[in-house]
Amino acid sequence: MILLARHGETDDNIEPIRIQGSVDTPLNDTGRAQARELAERVAGEGLQALYCSQLSRARETAEIVGARIGLEPVVDPRLAEGYRGSIEGRLWEDVAREDPELYAAWRAAGPKFRFPDGESLLEQQERTVAALVDITQAGRLPALAVCHGGTIRVALCHTHRRGLETFHDWDVPNVALVRL
């Protein structure tokens with residue numbers, strides 16, 4: 001079994017929400033407290049391995065969890081959030097107002113959606129699933145992968161018959177824990 005956890009809160013996760021993607025936003029104090037709570041939630045899971053993306057918000061969350069459960073996080077860049085291209089760093093509300101067609105396409109999502117100058121959801125899903133397959137094949141299960149909301153969503157979409165069409169159907173708050 002693989003558990004997926006979203007990183008703790010960052011200042012960009014607070015309303016109004018800023019598009020992070022590959023922007024390396026650190027945890028804030030609330031996010032660190034959430035990471036400690038996550039560590040307590042997974043302490044009894046018998047985890048054999050701990051993975052995270054290279055982005056500091058996921059890496060620091062994993063380090064806090066790892067300190068509690070006695071595991072060193074293995075960094076895997078394939079677990080990173082999707083590259084949001086030219087809209088990274090912008091507020092979602094500004095994108096919705098200034099480019100309503102792009103925002104509507106984002107809300108519709110699906111396998112053909114691509115961020116301007118960025119990654120498609122399908123590309124993100126392919127690299128995420130490859131990472132999860134490698135984690136499974138490593139045989140150190142159960143494992144925890146600390147990653148990102150979009151990363152968890154594309155993994156969940158992979159398990160659904162409607163695929164990436166369900167991307168926005170999944171609610172993945174900070175430090176959400178999902179069992180695959």
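The values are calculated or read from the model by the stated rules, or taken from the named source; none is laboratory data. No experiment lies behind these values; they were computed from the predicted model shown. Neighbour counts are summed over all protein chains in view; Cβ atoms, including those assigned to glycine, are modelled from backbone coordinates with ideal geometry. Side chains are part of the model used for accessible areas, which takes the heavy atoms of the whole protein and leaves out ligands, DNA and RNA. Shrake-Rupley method; radii C 1.70, N 1.55, O 1.52, S 1.80 Å.
Return only the number of the condition from (1) loosely packed, with under 15 Cβ neighbours inside 10 Å; (2) aliphatic (A, V, I, L, M); (3) modelled with pLDDT under 95 that Ala109 does not satisfy.
(1) is the only condition that Ala109 fails.
Looking only at the range 1-32, how many residues end up being exposed (fewer than 15 other Cβ atoms within 10 Å of the Cβ) and part of a helix (DSSP H, G or I)?
Counting residues in the range 1-32 that are exposed (fewer than 15 other Cβ atoms within 10 Å of the Cβ) and part of a helix (DSSP H, G or I) gives 2.
Would you check which residues across the range 142-180 are on the phi > 0 side of the Ramachandran plot and either open to solvent by 30 Å² or more (accessible area, probe 1.4 Å) or assigned to a loop (DSSP other than H, G, I, E, B) (or both) and list them? Spell out how you get there, then give the answer.
First, the residues of the range 142-180 that are on the phi > 0 side of the Ramachandran plot: 163, 175.
Hit for the range 142-180 is Val175, nothing else.
How many residues, within the range 112-141, are hydroxyl-bearing (Ser, Thr, Tyr) and open to solvent by less than 30 Å² (accessible area, probe 1.4 Å)? Walk me through how you get there before you give the answer.
Step one: of the range 112-141, the residues hydroxyl-bearing (Ser, Thr, Tyr) are 120, 128, 136.
Retained after the next criterion (residues that are open to solvent by less than 30 Å² (accessible area, probe 1.4 Å)): 120, 128.
Qualifying residue count, the range 112-141: 2.
Spot the failing condition for Gln137; the list is (1) at pLDDT 95 or above; (2) under 16 Å from the mean Cα position of the chain (by Cα), and only one is missed.
With respect to (1) at pLDDT 95 or above; (2) under 16 Å from the mean Cα position of the chain (by Cα), Gln137 is out only on (2).
Could we say that Tyr103 is within 18 Å of the chain's Cα centre (by Cα), open to solvent by 60 Å² or more (accessible area, probe 1.4 Å) and within 25 Å of Thr10 (Cβ to Cβ) here? Let's see the steps before the verdict.
On the way: within 18 Å of the chain's Cα centre (by Cα): no; open to solvent by 60 Å² or more (accessible area, probe 1.4 Å): yes; within 25 Å of Thr10 (Cβ to Cβ): yes.
No.
Against the conditions (1) assigned to a loop (DSSP other than H, G, I, E, B); (2) under 16 Å from Leu4 (Cα atoms); (3) of a type outside the set (Phe, Trp, Tyr), where does Val129 fall short? Just the number, please.
Unmet condition: (1).
Cβ-Cβ distance below 8 Å, separation of 6 or more or different chains: which pairs start in the range 72-97 with a residue that is part of a strand (DSSP E or B) and end on one that is surrounded by 17 or more Cβ atoms within 10 Å (Cβ to Cβ) and not aliphatic (A, V, I, L, M)?
Val74/Tyr51; Val74/Cys52; Val75/Tyr51; Val75/Cys52; Val75/Ser53; Val75/Arg59; Leu91/Arg18
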